[in-house]
Amino acid sequence: MLNDIKKDAQTRMAKSVEAFRHDLTRVRTGRASTALVDHLKVNYYGSDMPLSQVASVAISDARTLMITPWEKQMVGPVEKAILASDLGLTPNTAGTVIRINLPALTEERRKELSKHVHSEGENAKVAIRNIRRDANHQVKELLKDKQITEDDAGRSETDIQKITDSAIKDVDEVIKAKEQELMAV
């Protein structure tokens, strides 16, 4: 029973770290990455489809993304999706190929993005601490119902804290890695 609580907490914390890592793929660094446009939805015959299902996305060089729609008439909707997105990028179209040039980041923009990464990291840590609180609450409920001893409860809370510390350390490492990626010129 206690092992289930600990495993559940560990699994949920790992998912929080992974979700944070995935969210950071959208933060634009100076380099081109196909993850920048993964979240874009394109109007495809009246329904919103992920960009990856209507076009191929490739990196042509360090600062250029190349998007090639499967169908010629999809060039316009793909351009509209890019312009309407929160990326702040302008597509350049040549025939059926859409190129997105990523400008070099200014020092000010790098610091701004770094702050954003830190605040997202703090949100991930809050989520992890909430999971810890839930797990500790479950342990206290078991203690109150006399299903476990005080010693078991104390050991479980210590173990849950160790799991929490490990997850928070993972978040800190992700933040540090993203910051180094942002600050690399």
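The values are calculated or read from the model by the stated rules, or taken from the named source; none is laboratory data. All values derive from a computational prediction rather than experimental measurement. Cβ: placed from backbone, ideal geometry, glycine included. Neighbour counts: every protein chain shown. Note: areas computed on protein heavy atoms with side chains; ligands, DNA, RNA excluded. Shrake-Rupley method; radii C 1.70, N 1.55, O 1.52, S 1.80 Å.
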Here is a check on your reading of the model: is Glu120 over 15 Å from Ser16 (Cα atoms) and either in contact with a Phe, Trp or Tyr (Cβ under 7 Å, 6 or more places away or on another chain) or of a type in the set (Asp, Glu) (or both)? no
Inspect all residues belonging to segment 150-172 and state whether any of them is of a type in the set (A, V, I, L, M, F, W, C), in a helix (DSSP H, G or I), within 30 Å of Ser56 (Cα to Cα) and modelled with pLDDT under 90. no
Of the residues in segment 142-154, those that are open to solvent by 80 Å² or more (accessible area, probe 1.4 Å) and without any contact (Cβ under 8 Å) to a residue 60 or more places away in the chain number 5
Residue by residue through segment 66-121, note down the ones that are in contact with a helix residue (DSSP H, G or I) (Cβ under 8 Å, 6 or more places away or on another chain) and among the β-branched types (Val, Ile, Thr). Ile67, Val78, Ile82, Thr90, Thr93, Thr96, Ile98, Ile100, Val117
Using beta carbons and a limit of 7 Å, which pairs, at least six apart or on different chains, have the first residue in segment 90-112 and free of Cβ contacts under 8 Å to residues at least 24 places away in the same chain and the second one of a type in the set (Lys, Arg)? Asn92/Arg99
Between a first residue in segment 115-141 that is in contact (Cβ under 8 Å) with a residue 60 or more places away in the chain and under 18 Å from Glu157 (Cα atoms) and a second residue that is open to solvent by 40 Å² or more (accessible area, probe 1.4 Å) and of a type outside the set (A, V, I, L, M, F, W, C), which pairs have beta carbons less than 8 Å apart while being 6 or more apart in sequence or on different chains? Ile131/Arg12; Arg132/Gln161; Ala135/Asp8; Val139/Glu157
Within segment 1-35, work out how many residues are open to solvent by less than 30 Å² (accessible area, probe 1.4 Å), assigned to a helix (DSSP H, G or I) and not aliphatic (A, V, I, L, M). 2
Among (1) charged (D, E, K, R); (2) within 24 Å of the chain's Cα centre (by Cα); (3) farther than 30 Å from Thr158 by Cα - the single one Lys72 does not satisfy: (2)
Take segment 128-141 and flag every residue that is surrounded by 19 or more Cβ atoms within 10 Å (Cβ to Cβ) and closer than 18 Å to Asp172 by Cβ. Ile128, Ile131, Arg132
Mind checking which residues of segment 165-177 are open to solvent by less than 20 Å² (accessible area, probe 1.4 Å) and not hydrophobic (A, V, I, L, M, F, W, C)? none
Need a quick list: strands (runs of 3 or more DSSP E) entirely within segment 36-123 having at least 3 residues that are open to solvent by less than 80 Å² (accessible area, probe 1.4 Å). 47-50, 55-61, 64-69, 91-94, 97-101
